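Working notes for the structure below.
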Amino acid sequence: MSRSNDRSARRRLLAAGFGLAAAGAAFGGRAAHAAAPRPEPFNAETWARLKASLPRPAVVVFTTTYCATCPEVFEALHAEIRARRPGAPLVAVVMDGEALGRRPREAHLARASRLFVFRGQEAALRHAVDPGWRGVTPWVALLGAEGEPSFGGGTPSRERLDAWSVPTSPR
């Protein structure tokens with residue numbers, strides 16, 4: 001191969017690489033094949049610390065590996081965050097974490113800013129998070145700029161998302 005063909009081939013390869021990087025940025029900053037974040041342990045006591053430490057606003061989705069609607073809800077929430085409050089954390093807590101292994105392959109979990117896996121007594125966790133939660137997944141906690149989280153199952157209503165995305169009021 002001549003030197004000019006070699007340079008031309010390198011340029012095409014670099015251009016293709018930049019194109020892939022741009023495509024990854026256009027789809028939420030992660031390439032389609034990106035792995036989910038490394039799982040962190042989650043127990044009934046973790047919720048209070050997480051709630052206090054997350055930048056606001058934030059969204060926490062409690063999910064399971066067998067939940068058929070969870071990926072769709074997670075993707076919809078990711079799109080809402082990008083549209084309404086770019087940079088807001090989208091956190092996943094997988095209730096049946098032992099089924100995940102060390103690096104989850106579920107594509108929607110790659111969009112999580114943090115990933116937690118729960119091990120322990122589910123009833124205790126549900127009560128610590130929201131006493132009204134009866135085990136339905138996805139269970140979504142919208143942590144607005146101020147106040148306590150708003151909880152609900154499935155995709156949050158437009159009204160809940162509107163209330164969640166309101167900026168902090170000046171004092």
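I'm checking my understanding of the structure. Among residues of segment 139-159 that are within 20 Å of Ala92 (Cβ to Cβ) and either hydrophobic (A, V, I, L, M, F, W, C) or over 18 Å from the mean Cα position of the chain (by Cα) (or both), which one is surrounded by the fewest Cβ atoms within 10 Å (Cβ to Cβ)? Outline the logic, then answer.
Here is the first cut: in segment 139-159, the ones within 20 Å of Ala92 (Cβ to Cβ) are 139-144, 149-156.
Right, trim to either hydrophobic (A, V, I, L, M, F, W, C) or over 18 Å from the mean Cα position of the chain (by Cα) (or both) and you get 139-143, 151.
On the way: Trp139: 24, Val140: 23, Ala141: 25, Leu142: 20, Leu143: 22, Phe151: 18.
Among those that are within 20 Å of Ala92 (Cβ to Cβ) and either hydrophobic (A, V, I, L, M, F, W, C) or over 18 Å from the mean Cα position of the chain (by Cα) (or both), it is Phe151.
For segment 107-138, give me each residue that is open to solvent by 50 Å² or more (accessible area, probe 1.4 Å), free of Cβ contacts under 8 Å to residues at least 24 places away in the same chain and closer than 16 Å to Cys67 by Cα.
Scanning segment 107-138 gives Arg134, Val136.
Only one of Glu80, Glu72 is among the acidic types (Asp, Glu), within 14 Å of the chain's Cα centre (by Cα), closer than 18 Å to Val136 by Cα and at pLDDT 85 or above; which?
Details: Glu80 fails: closer than 18 Å to Val136 by Cα.
Testing whether each residue is among the acidic types (Asp, Glu), within 14 Å of the chain's Cα centre (by Cα), closer than 18 Å to Val136 by Cα and at pLDDT 85 or above leaves just Glu72.
Being assigned to a strand (DSSP E or B), of a type outside the set (D, E, K, R) and without any contact (Cβ under 8 Å) to a residue 40 or more places away in the chain, is that true of even one residue in segment 153-164? If you could, list the steps in order and put the result at the bottom.
Step one: list which residues in segment 153-164 are assigned to a strand (DSSP E or B), which gives 153.
Subsequent filtering for residues that are of a type outside the set (D, E, K, R) retains 153.
Okay, now just the ones that are also without any contact (Cβ under 8 Å) to a residue 40 or more places away in the chain, so 153.
So far as segment 153-164 goes, yes, one or more of its residues are assigned to a strand (DSSP E or B), of a type outside the set (D, E, K, R) and without any contact (Cβ under 8 Å) to a residue 40 or more places away in the chain.
Can you tell me which residue within segment 38-57, out of those that are surrounded by 19 or more Cβ atoms within 10 Å (Cβ to Cβ) and within 17 Å of Val94 (Cα to Cα), is modelled with the lowest pLDDT?
Pro39
Read through the list (1) in contact with an Asp or Glu (Cβ under 7 Å, 6 or more places away or on another chain); (2) modelled with pLDDT of 90 or more, then give the number of the only condition that Ala112 fails.
Unmet condition: (1).
Listed residues Ala128, Ala88, Ala92; which is aliphatic (A, V, I, L, M), more than 16 Å from the chain's Cα centre (by Cα) and closer than 20 Å to Leu50 by Cβ? Write out each step before concluding.
Working: Ala88 fails: more than 16 Å from the chain's Cα centre (by Cα); Ala92 fails: more than 16 Å from the chain's Cα centre (by Cα).
One residue alone meets the criteria, Ala128.
Consider segment 35-62. How many of its residues are closer than 18 Å to His127 by Cβ, in contact (Cβ under 8 Å) with a residue 40 or more places away in the chain and either among the small types (Gly, Ala, Ser) or out of contact with any Gly (no Cβ under 6 Å at 6 or more places or on another chain) (or both)?
Matching residues across segment 35-62 total 10.
The values are calculated or read from the model by the stated rules, or taken from the named source; none is laboratory data. Computed from a predicted structure; not experimentally measured. Quick reminder, even Gly has a Cβ in these numbers, built from the backbone with ideal geometry, and neighbours come from all protein chains shown. Calculation scope for accessible area: heavy atoms of the full protein, side chains included, ligands and nucleic acids excluded. Shrake-Rupley method; radii C 1.70, N 1.55, O 1.52, S 1.80 Å.
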